[in-house]
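Inspection log for the structure reproduced underneath, given as structure tokens.
FYI, it's all coordinate maths here, none of it is from the lab. Keep in mind that what you see is a predicted model, and the values were worked out from it rather than measured. Here Cβ is always computed from backbone atoms with ideal geometry, including for glycine, and neighbour counts include all displayed protein chains.
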Amino acid sequence: MALVNQPRLLLMDEPTAGMSPSERYALMGLVQFLAKERDVAVMFTEHSMDMVFSFATRILVMAQGHILVEGTPQEVQNNPLAQSVYLGRGKTVEGETV
């Protein structure tokens, strides 16, 4: 439905939530194909790291409304702050524990 009006940007919030692994990869593969075919930018929020690192070309890591890390999947994977926050060891950002 979201693609009917030929948008330039498609926003997706947790698109693979509740899906099996095969369904998740099928959906995101279809989204990737359609985005290229129709020249549509896609922005998605996702907590499933396998989906993020498999399909995103740019990643923005946030905690409590603060941008912590931004970059390519490789840059984010190698970033100590992103690793620390994702693994739950906690860091302080502007006086708040994230």
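Assorted remarks:
- Per residue, the chain reaches -11000 deg cm²/dmol at 222 nm when only DSSP H runs of four or more residues are counted, each adding -39500 (n - 2.57).
- Most mobile of Gly71, Gly18, Gly29 in a GNM of the chain (Cα contacts under 10 Å): Gly18
- Whole-Å distance, taken between Cα centres, linking the stretch 40-62 and the stretch 2-33: 11
- Listed residues Glu75, Glu37, Glu46, most fluctuating in the chain (Gaussian network, C-alpha, under 10 Å): Glu37
- For Val69, the amide hydrogen comes within under 5 Å of the amide hydrogens of Val61, counting only partners 5 or more places away or on other chains and with H modelled in the peptide plane.
- Over the chain, the reciprocal of the mean inverse Cα-Cα separation, the Kirkwood hydrodynamic radius, stands at 14.9 Å.
- Residues whose placed amide H lies under 5 Å from that of Met19, excluding near-sequence neighbours: none
- Extension gain, Leu30 to Ala17, is 3.1 nm, computed as 0.36 nm per intervening residue step minus the present C-alpha separation.
- 12 Å beta-carbon shell around Ala56, net charge (K/R +1, D/E -1): -3
- Counted over the stretch 1-48 with a bin width of 5 Å, the fraction of Cα pairs per bin, in whole percents, is 5, 21, 31, 25, 13, 5.
- Each residue of the stretch 25-40 is assigned a 3J(HN,Hα), and the resulting list reads 5, 5, 4, 5, x, 5, 4, 4, 4, 5, 4, 5, 5, 9, 6, 10 Hz, derived from the Karplus form 6.51 cos²θ - 1.76 cosθ + 1.60 (θ = phi - 60°), x at Gly and Pro.
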